[in-house]
Amino acid sequence: MRILVVNDDGIRSPGIEALARMAAQLGETYVVSPSEQCSGMSQKLTLFDEMALREERFPVPVAGAWSLGGAPADCVKVALAQVLDFMPDYVFSGVNDGWNVGYDIAYSGTIGACLEAVMNGIPAIAFSAKGWGDLEIAERYMPEIAMELMERGQGRGEIWNVNFPGGPVSGLRGILHERFIAPMQLFESDFTARQHPEGHTLITQKGVPIGKGIAPDGSDIAAVLDGYISIGKIKSTVMI
């Protein structure tokens, strides 16, 4: 088994270290990650501008690790075209700093990397957690979940989307499969504006979390807010 590990939070993130450590238990692991934070980039590609590719010392024993001055989808493309001389068996993306649930998946670089993988015929799994301070449940359950999902397989253009709640393992309520994408965002946009001395307006956008109990039963948002691990699928719209 040869696994490519990517993310959108950057090569130095605790999440990709945790994911690579898990992947290395399953097979020969390679890491190609953005050199900087790239959240919210979806499946963005870097065109015309050069991207710096650097081999990196990585805190987990892996077969190789590189940083790329590009977006998460770029990392998959460059890994396949310039770094690896083989097609990996799987792409793992994450562990993202924050959940990828509901309509927020449309903006996720973590998900974007997985969609790039399946468009190239490689099955992919996205892993996200409430935050880097809440990786205890993710680190405990990722190996068995990854093995289960690889054994179950996935259809053409599909990716597995796994989200871990926060808190200690003792507080986990269970694992819920076949969670559907909640028809809403976990964070609603809140905008503030101020005038710049030169006359233009400066806009700042931040996310305000929705309240518990608003998301519909059976959805990914409801699962993580209620303390469960959420497992569901996302379908690439270009591979119907």
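Yes or no, residue by residue, for (1) surrounded by fewer than 16 Cβ atoms within 10 Å (Cβ to Cβ); (2) modelled with pLDDT of 95 or more:
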position: E50; (1), (2): yes, yes
position: E55; (1), (2): yes, yes
position: V76; (1), (2): no, yes
position: A79; (1), (2): no, yes
position: K130; (1), (2): no, no
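Of S230, S189, S219, which residue is of a type in the set (S, T, Y) and closer than 24 Å to V91 by Cβ?
Criteria check complete, one pass: S230.
Among the residues that make up region 25-32, is at least one of them aromatic (F, W, Y), out of contact with any Asp or Glu (no Cβ under 9 Å at 6 or more places or on another chain) and buried (at least 21 other Cβ atoms within 10 Å of the Cβ)?
yes
Please go through region 33-44 and give me each residue that is surrounded by fewer than 24 Cβ atoms within 10 Å (Cβ to Cβ) and either of a type in the set (D, E, K, R) or on the phi < 0 side of the Ramachandran plot (or both), ordered by number.
Correct list: S35, E36, Q37, S39, M41, Q43, K44.
Quick grid of which residues meet (1) over 17 Å from L225 (Cβ atoms); (2) in contact with a Leu (Cβ under 9 Å, 6 or more places away or on another chain); (3) not aliphatic (A, V, I, L, M):
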{"residue": "A138", "(1), (2), (3)": "no, yes, no"}
{"residue": "E151", "(1), (2), (3)": "yes, no, yes"}
{"residue": "G155", "(1), (2), (3)": "yes, no, yes"}
{"residue": "E158", "(1), (2), (3)": "yes, no, yes"}
{"residue": "G167", "(1), (2), (3)": "no, no, yes"}
{"residue": "S170", "(1), (2), (3)": "yes, no, yes"}
{"residue": "I175", "(1), (2), (3)": "no, no, no"}
{"residue": "E178", "(1), (2), (3)": "yes, no, yes"}
{"residue": "I181", "(1), (2), (3)": "no, no, no"}
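Looking at R156, R140, R152, R179 in this structure, which one is under 24 Å from Y90 (Cβ atoms) and surrounded by 17 or more Cβ atoms within 10 Å (Cβ to Cβ)?
Step by step, each of R156, R140, R152, R179 is checked, and only R179 is under 24 Å from Y90 (Cβ atoms) and surrounded by 17 or more Cβ atoms within 10 Å (Cβ to Cβ).
Take region 130-144 and flag every residue that is over 15 Å from the mean Cα position of the chain (by Cα), touching a residue at least 12 places away in the same chain (Cβ under 8 Å) and more than 12 Å from P168 (Cβ to Cβ).
Within region 130-144, Y141, P143 meet the criteria.
So which pairs qualify, if the first residue must be in region 53-65 and under 12 Å from I16 (Cα atoms), the second must be of a type in the set (D, E, K, R) and modelled with pLDDT of 95 or more, the Cβ gap must be under 6 Å, and the two must be at least 6 apart or on different chains?
Cβ pairs passing all conditions: P59/E17; V60/E17; V60/R21; A65/E56.
Restricting attention to region 187-194, does a residue exist that is in contact (Cβ under 8 Å) with a residue 60 or more places away in the chain, part of a loop (DSSP other than H, G, I, E, B) and surrounded by 10 or more Cβ atoms within 10 Å (Cβ to Cβ)?
Scanning region 187-194 turns up no residue that is in contact (Cβ under 8 Å) with a residue 60 or more places away in the chain, part of a loop (DSSP other than H, G, I, E, B) and surrounded by 10 or more Cβ atoms within 10 Å (Cβ to Cβ).
The values are calculated or read from the model by the stated rules, or taken from the named source; none is laboratory data. Quick caveat, the model's predicted, so the values are computed rather than measured. A quick note on method: Cβ atoms are made from the backbone with ideal geometry, for glycine too, and the neighbour counts reach across all protein chains shown.
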